[in-house]
Each structure stands twice: as structure tokens, then as C-alpha cells.
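Enquirer: Attaching a single structure in C-alpha cells format; questions to follow.
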């Protein structure tokens, strides 16, 4: 095997990478402008370069295009969101009710990310002690897609207020595929450096100070 020299990443690239990570925001407000399918396919190709336990590559990306399936997803969210609201009281409940938590009705692209728990790829390496690393691997692919989309000016919103079993039924996915994330993708209606939940007064973002712990 030929030992290939790595690319040279200069300071300009490192600064641009830092900007990319900082601007990766969770987007909930999208323009209805279409996204070229070729670009979506390219983003998924990049996502598939993410690290995975044992080179298992367990991620499965499903585009949700059929109107009836999208509507079922929206109803799934509405039901789960009502239940979530009921768990809060007082001012926190009022604030929750005002939050914009998804872009399901405006995002031109819907992608469900799932993990194939039965994949033979990787021959089980690294999974005996921590089988959950298959799902962690899928999350790395989601994050890679997120960054790749932002690099093209696209926004991604992760909708987590959903019933996973209902998603499986709606998308008719194999029972061995675990639901990981439902992603709304499209051109942002607006751009912000700070998180929407921070602007809405729900939770401020904290910096990394104190997150590196020495033992």
C-alpha cells in the first residue's frame, strides 16, 4: 500500500473550519426554494466518510418525499410535542409553547437517519463490549452531513420530538434499523451565530471552560 502524504491545512483553512463549526446552527426556518438532488447526494456521500466502529458504516439515509409520509411525520411531531408541553408548568410551559422547534412544513428536503443494527459490515469489531457504538457511528455521519451542508450555505434542523416506532411504521423500514435522527434540510430563511433556544430565552449556550477534566 502506498503511503500518501496528507493535504496541507494552513491557518486560513483552520480559521474557516472554526467558522464552519460555529455557524453550524440548528435551523428551523427555511425558504421553500428547492435543493438540487445532486447536491443532496453529494452531502450524503461526504457523510458516509464519517468514522464508524469496526468500519461498520451502519448509517442508512432515507429521503422522505411522499406528501402522505411527510404529513404522517408532522402529525407524529404534533402528538409528541403536545405530550412534551404537558410535562412543563407555569412560565416554562408558556415559553415552551412559543418555541419554534421544527421546520417540517417548509424544509424542501427531509432525511431520516437510521442505524442498521444487524449490519454484517465490520464483522462486529468493537461492538461486543459497546454495541451502542453502532448508533454513535451513525450520529457522527449526521454531524458530518450537517457540516457539509453548512459549507454549501444550507441549513439543517434536527427534529427529535418524534416517536421512533411511529417513524419506522411511516417509512416502512426494517425492524433492525433504529431511528436516530430526522433532518430538515434547505436554504435558511435567516442566519444567526447564536442558538435559537438562546435567543428565545430557553437556555444559554455555555463555553468549553471546565469541560476538559484531568485525572
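The values are calculated or read from the model by the stated rules, or taken from the named source; none is laboratory data. On a predicted model such as this, the values are computed, not experimentally measured, just so you know. Every residue, glycine as well, gets a Cβ built from its backbone with ideal geometry; the counts of neighbours run over all protein chains shown.
Enquirer: Which of the residues spanning the stretch 128-146 are in contact with a helix residue (DSSP H, G or I) (Cβ under 6 Å, 6 or more places away or on another chain) and either closer than 19 Å to residue 42 by Cβ or assigned to a loop (DSSP other than H, G, I, E, B) (or both)? Explain how you work it out, then say what you get.
Expert: Step one: filter the stretch 128-146 for residues in contact with a helix residue (DSSP H, G or I) (Cβ under 6 Å, 6 or more places away or on another chain), giving 133, 137, 141, 144-145.
Across the stretch 128-146, the qualifying residues are 141, 144, 145.
Enquirer: Could you count how many residues in the stretch 74-114 are out of contact with any helix residue (DSSP H, G or I) (no Cβ under 6 Å at 6 or more places or on another chain), in a helix (DSSP H, G or I) and within 28 Å of residue 135 (Cα to Cα)?
Expert: 10
Enquirer: Being in contact (Cβ under 8 Å) with a residue 24 or more places away in the chain and over 25 Å from residue 138 (Cβ atoms) is the filter here, so list the residues in the stretch 97-119 that pass it. Outline the logic, then answer.
Expert: Quick first cut of the stretch 97-119, residues in contact (Cβ under 8 Å) with a residue 24 or more places away in the chain only: 98-119.
98, 99, 100, 105, 106, listed by residue number.
Yes/no per residue for (1) surrounded by 12 or more Cβ atoms within 10 Å (Cβ to Cβ); (2) farther than 29 Å from residue 208 by Cα; (3) at pLDDT 95 or above:
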{"position": "18", "(1), (2), (3)": "no, no, yes"}
{"position": "23", "(1), (2), (3)": "yes, no, no"}
{"position": "42", "(1), (2), (3)": "yes, yes, yes"}
{"position": "47", "(1), (2), (3)": "yes, no, yes"}
{"position": "60", "(1), (2), (3)": "yes, yes, yes"}
{"position": "70", "(1), (2), (3)": "yes, yes, yes"}
{"position": "87", "(1), (2), (3)": "no, yes, yes"}
{"position": "95", "(1), (2), (3)": "yes, no, yes"}
{"position": "102", "(1), (2), (3)": "yes, no, yes"}
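Enquirer: Going through 107, 112, 141, 181 one at a time, which residue ends up being farther than 26 Å from residue 78 by Cα and crowded, with 20+ Cβ neighbours inside 10 Å?
Expert: None of the others qualify; the one that does is 141.
Enquirer: Just to verify a result, which residue in the stretch 173-201, among those that are modelled with pLDDT of 95 or more, in contact with a helix residue (DSSP H, G or I) (Cβ under 9 Å, 6 or more places away or on another chain) and assigned to a loop (DSSP other than H, G, I, E, B), is farthest from residue 154 (Cα to Cα)?
Expert: Restricting to residues being modelled with pLDDT of 95 or more, in contact with a helix residue (DSSP H, G or I) (Cβ under 9 Å, 6 or more places away or on another chain) and assigned to a loop (DSSP other than H, G, I, E, B), the top hit is 175.
Enquirer: Name the residues in the stretch 4-37 that are outside any helix (DSSP H, G or I) and free of Cβ contacts under 8 Å to residues at least 24 places away in the same chain, would you?
Expert: Passing the criteria: 4, 5, 6, 7, 8, 9, 10, 36.
Enquirer: Just name the residue that is farthest from the chain's Cα centre (by Cα) out of those in the stretch 161-172 that are in a loop (DSSP other than H, G, I, E, B) and surrounded by 12 or more Cβ atoms within 10 Å (Cβ to Cβ).
Expert: Restricting to residues being in a loop (DSSP other than H, G, I, E, B) and surrounded by 12 or more Cβ atoms within 10 Å (Cβ to Cβ), the top hit is 163.
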